[in-house]
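Data block below; observations after.
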Amino acid sequence: MMRAVVLQGPRKVQIAELPVPTPGEDQIVVQVHACGVCGTDVHIYKGEYLGDYPVIPGHEFAGEVVELGPGVRAFKRHDRVAVEPNLSCGKCRFCGINEQNFCENWRAIGVTLPGAMAEYVLVPVRAAFDIGDLPYESAAFMEPLSCVLHGMQKLDVRYGENVLVIGAGPIGILLAQVARDCGAARVVVADRIASRLALAGEIGEAVNTGGGFGAVEELMPGGYDAVIDATGVPAVIERTIGLARHGGRVLLFGVAPNDAVAKMRPFDIFRKGLHIYSSYTSLRNSVQALDLLRSGRVDVRKLVSHRLPLEQFEHAINLLSSPEGAMKMQIKPNG
Ligand SMILES: [Zn+2]
Ligand SMILES: [Zn+2]
């Protein structure tokens, strides 16, 4: 038997005893050693998301292979892996044009399938990636970093550019690190939570927007080459247009509530000739993400602010929604 977080319905968390899954063909069982808590888990918790209940959440994870299904040769017991939770069908129109992130038969571990807020989780072999000796805590960032890389590939930050990242949570920090590594001359990271700005200051220039965006504007009076929203807050999204330079680019990365409305003047977008991008999950970015983590080029070690047992899942969800702004919280189902 194993312990798992089971969401029986919106805001109904249960720590359940369930049978350890048995791997079928092309499946492995992974003992979970680190699983990140993210905004998607909050959506699932609050009942604002796609899948059905009951569900075991947890989609940002790494662990040890402990059981192999019949015919599995790509892995052996005790291999250390990180998992790409999004599973595409390979047969629909979107898969056919290599845009698997829009797969019509999309499924995801921790969203529509049992996830990693459990001692053990069932994983299709094709979703598992060998992490070598990368620490589990770092490897659990493979999925969020993949999403960041997908967005940054669209934004295409070029050498010598001035980039603004709004939001200094774990995702904002990753976006800022990648922007700096792409050769940005200047990376400004803004947040209104002072405690989050310490890490931001290690990557670029940290600006506290508690009193508004005046200081952000003063740093680049002509506007930024690229502006990234990593908050999903409509009032912040509304500011991005004004903060970008003429001919500049905006990436809307943060996920807004699904019924939120932001006001923008289309004329401003026209007059500035802006390019506006969005980014939906990731697209085959796991290998890159792991390479970046392994090389230390993207450093996630300081991003983990809480390491919690399974029983603290609901506490973590509440912390994530609190104004204090925790950084990345990880659940350690196996201690
Ligand atoms: Zn996530
Ligand atoms: Zn498909």
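Derivation of every value follows stated rules applied to the coordinates shown; laboratory data play no part. Please read all numbers here as calculations on a predicted model, not as lab measurements. As a convention, Cβ positions derive from the backbone with ideal geometry for all residues, glycine included, and neighbour counts pool all protein chains shown.
Worth a mention:
- Enumeration of residues in the range 182-206 that are surrounded by fewer than 17 Cβ atoms within 10 Å (Cβ to Cβ) and in a loop (DSSP other than H, G, I, E, B): Gly183, Ala185, Ile193
- The helices (runs of 4 or more DSSP H) found wholly in the range 48-161 and carrying at least 3 residues that are touching a Leu at 6+ places or on another chain (Cβ under 6 Å), hydrophobic (A, V, I, L, M, F, W, C) and away from ligand 2 (no atom under 16 Å from the Cβ) occupy 142-155.
- Residue in the range 207-223 that is closer than 23 Å to Gln288 by Cα and part of a helix (DSSP H, G or I) present: no
- The set of residues from the range 135-150 being within 23 Å of Val72 (Cα to Cα) and more than 16 Å from ligand 1 (Cβ to nearest atom) comprises just one member, Tyr136.
- Residues of the range 302-330 classified as touching a Pro at 6+ places or on another chain (Cβ under 8 Å) and within 13 Å of Ser138 (Cα to Cα), total: 2
- Ala289 part of a helix (DSSP H, G or I), within 17 Å of the chain's Cα centre (by Cα) and at negative phi: yes
- Counted residues, the range 56-70 - those being among the hydrophobic types (A, V, I, L, M, F, W, C), away from ligand 1 (no atom under 14 Å from the Cβ) and crowded, with 23+ Cβ neighbours inside 10 Å: 1
- A Cβ distance below 8 Å, combined with a sequence gap of six or more or placement on separate chains, defines the contacts here; from the range 98-115, residues that are within 10 Å of Ser88 (Cβ to Cβ) reach residues that are of a type in the set (Ser, Thr, Tyr) and within 10 Å of ligand 2 (Cβ to nearest atom) in the pairs Gln100/Ser88; Asn101/Ser88; Cys103/Ser88; Asn105/Ser88; Trp106/Ser88.
- The number of residues in the range 29-47 that are surrounded by 19 or more Cβ atoms within 10 Å (Cβ to Cβ) and either within 14 Å of ligand 1 (Cβ to nearest atom) or in a loop (DSSP other than H, G, I, E, B) (or both) comes to 9.
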